[in-house]
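The values are calculated or read from the model by the stated rules, or taken from the named source; none is laboratory data. From a predicted model like this one, the values you see are computed outputs, not experimental measurements. Cβ placement follows ideal geometry from the backbone for every residue including glycine, while neighbour counts extend to all protein chains displayed.
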Amino acid sequence: MLRLALALLAVVTFVNAQQLDDIIAQTLSQHASLKSIEQRMSALDDAVEQSQLFDNPSLSLGVNDIQLSDMFNRSLEPMQTSSLSLKQKIPYFGKRSARRAVLQARKAVIYRSLEAAQTALVESIKLTAYAIWEREERLNIVEELLHTLEQSMELQAVYSRTDNSAHMQMMIAELSLSQLKIKQNTLAHERQGLYARLRYLADTEISELHLDLHVNELTPFETYAAKLHDNRKVQLQNARLNEAKRSVAVAQLSQQSDIIVGVAYNYREAYTDYVNINVALSLPIYGSEALAVQASQKKVLEASLAHTDTLEQVRSRLKENYELLHSAYTIEHIIVDETLPQVDHMLELADTAVRNGADMSDYLELIERKLLLDEQRISAVARYYSAQARLDALIGERR
């Protein structure tokens, strides 16, 4: 029974342990927030079709010339008629096409907002995943140092029974051990909190994440700058600008009169029936349409300025995040290529000295330096990938 339970636990863990690329692909296909935007797009398809229809006609029934002396007698004279009339407004040529263009432009805005939401969601997932990786790597370092320190303390304990200075070193080592355990506990709880955030962002259950992060060669800044206009927010602002321009055409066409066609059938009790046909025009004479044109033109200017501002903001953020990427890349190489090899060598010498009965002061100091450098290296790698994720988002990457 125990074996079966362990096997089931292993299966569940394997299912919930995922690669980052798989999480992103799954999230983009099923996340509720993205599905809601897709539904808005679908609703606009109906609105586009509806925009091509005429307004509903009006149908009216009338009874005229009612004689109060004989209210129900409808044959007293020729003017007494019962009529059935139908009126239909026919919009000015081009108005329906203009409305359709506005709605299609609005659909493009929603589509660009969907892409922007997808890009932002992928960016958040990546940043959270890299934060999880950072905590787990730091945990591994702390646990490794805990094990190493405990072994060294066991050796030193032999000398502390008779040597007062060695006893003092043991007490200092125990303090260092306590600090490592506190750090271990803090990192473990931070990791759990980040997993909770990742499960929310991915809209799926995740208990373990497999990441293998190494600092790659630095991509030239020009590669990112060349893709500036692929930024999803820039494209969204461009779509809004296009919608505003389309709305101007609708407002301008609203100043043109619409045709209203009416047909009425008149029934007379004792006389010949007849038909009325009339044609009317709507009269936009009070100036509301002209004000609507001015308002729509101001919205074009607003959208144009917003587009320019967004473009400059993205250009600035590209440079800012590339500098962070370059800094993390440089720091990681300094630590890995220059500093860590020296500290590792010194730590080996100090460990040998402790095993030969020397005190632990140098060893404890080197352990602290080793921990600090490893944390700086891990932090640099995490910052490198976080900056890379932000740069990818800025050039519209969704993977």
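Working carefully through the options ASP45, ASP70, ASP65, find the one that is touching a Leu at 6+ places or on another chain (Cβ under 8 Å), over 21 Å from LEU253 (Cα atoms) and at pLDDT below 95.
Details: ASP45 fails: touching a Leu at 6+ places or on another chain (Cβ under 8 Å); ASP65 fails: touching a Leu at 6+ places or on another chain (Cβ under 8 Å).
ASP70 is the lone residue from the list that is touching a Leu at 6+ places or on another chain (Cβ under 8 Å), over 21 Å from LEU253 (Cα atoms) and at pLDDT below 95.
Residues being modelled with pLDDT under 90 and assigned to a strand (DSSP E or B): count how many of those fall in the range 73-101.
Residues flagged as modelled with pLDDT under 90 and assigned to a strand (DSSP E or B) within the range 73-101 amount to 0.
Being without any contact (Cβ under 8 Å) to a residue 12 or more places away in the chain, part of a loop (DSSP other than H, G, I, E, B) and hydrophobic (A, V, I, L, M, F, W, C), is that true of even one residue in the range 41-56?
Just the residues of the range 41-56 that are without any contact (Cβ under 8 Å) to a residue 12 or more places away in the chain, to begin with: 42-43, 46, 49-50, 53, 56.
Add one more test, that the residue is part of a loop (DSSP other than H, G, I, E, B), and what stays is 53, 56.
Checking the rest, the ones that are also hydrophobic (A, V, I, L, M, F, W, C) come to 53.
Yes, the range 41-56 has at least one match.
For residues in the range 209-232 being surrounded by 13 or more Cβ atoms within 10 Å (Cβ to Cβ) and closer than 22 Å to GLN30 by Cα, which is farthest from the chain's Cα centre (by Cα)?
LEU209
Which residue is surrounded by the fewest Cβ atoms within 10 Å (Cβ to Cβ), if the candidates are limited to the range 73-123 and must be over 30 Å from ARG246 (Cβ atoms) and touching a helix residue (DSSP H, G or I) at 6+ places or on another chain (Cβ under 6 Å)?
GLU123
In the range 189-208, which residue that is of a type in the set (A, V, I, L, M) and in contact with a helix residue (DSSP H, G or I) (Cβ under 7 Å, 6 or more places away or on another chain) is farthest from THR27 (Cα to Cα)?
My answer is LEU194.
Residues checked against (1) farther than 22 Å from TYR271 by Cα; (2) within 60 Å of the chain's Cα centre (by Cα):
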{"position": "LEU59", "(1), (2)": "yes, yes"}
{"position": "PHE72", "(1), (2)": "no, no"}
{"position": "SER85", "(1), (2)": "no, yes"}
{"position": "LYS89", "(1), (2)": "yes, yes"}
{"position": "SER97", "(1), (2)": "yes, yes"}
{"position": "LYS107", "(1), (2)": "yes, yes"}
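Kindly establish whether PHE14 is at pLDDT below 90, closer than 30 Å to ALA389 by Cα and not β-branched (Val, Ile, Thr).
Yes; evaluated as a whole, the condition is true for this residue.
Is it fair to say ALA350 is part of a helix (DSSP H, G or I), modelled with pLDDT under 75 and touching a Phe, Trp or Tyr at 6+ places or on another chain (Cβ under 6 Å)?
When the stated conditions are applied, ALA350 passes them.
Looking only at the range 203-259, which residues are farther than 17 Å from VAL293 by Cα, among the small types (Gly, Ala, Ser) and touching a residue at least 12 places away in the same chain (Cβ under 8 Å)?
Across the range 203-259, the qualifying residues are SER207, ALA225, ALA239.
Just a yes or no: is a residue in the range 234-244 modelled with pLDDT of 85 or more, in a loop (DSSP other than H, G, I, E, B) and under 32 Å from the mean Cα position of the chain (by Cα)?
no
Yes/no per residue for (1) among the hydrophobic types (A, V, I, L, M, F, W, C); (2) closer than 30 Å to HIS307 by Cα; (3) at pLDDT 95 or above:
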| position | (1), (2), (3) |
| --- | --- |
| LYS181 | no, no, no |
| THR186 | no, no, no |
| GLU190 | no, no, no |
| LEU198 | yes, no, no |
| ASP203 | no, no, no |
| ILE206 | yes, no, no |
| LEU211 | yes, no, no |
| PRO220 | no, yes, no |
| LEU228 | yes, yes, no |
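To keep it simple, each residue is scored yes or no on (1) under 25 Å from VAL261 (Cα atoms); (2) in contact with a Phe, Trp or Tyr (Cβ under 6 Å, 6 or more places away or on another chain); (3) surrounded by 11 or more Cβ atoms within 10 Å (Cβ to Cβ).
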| residue | (1), (2), (3) |
| --- | --- |
| ASP22 | no, no, yes |
| HIS31 | no, no, yes |
| ALA47 | no, no, yes |
| SER58 | yes, no, yes |
| ASN64 | yes, no, no |
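Could you tell me which numbered condition GLN294 fails, if it satisfies all but one of (1) polar (S, T, N, Q); (2) out of contact with any helix residue (DSSP H, G or I) (no Cβ under 8 Å at 6 or more places or on another chain); (3) buried (at least 18 other Cβ atoms within 10 Å of the Cβ)?
Only one criterion is unmet by GLN294, namely (3).
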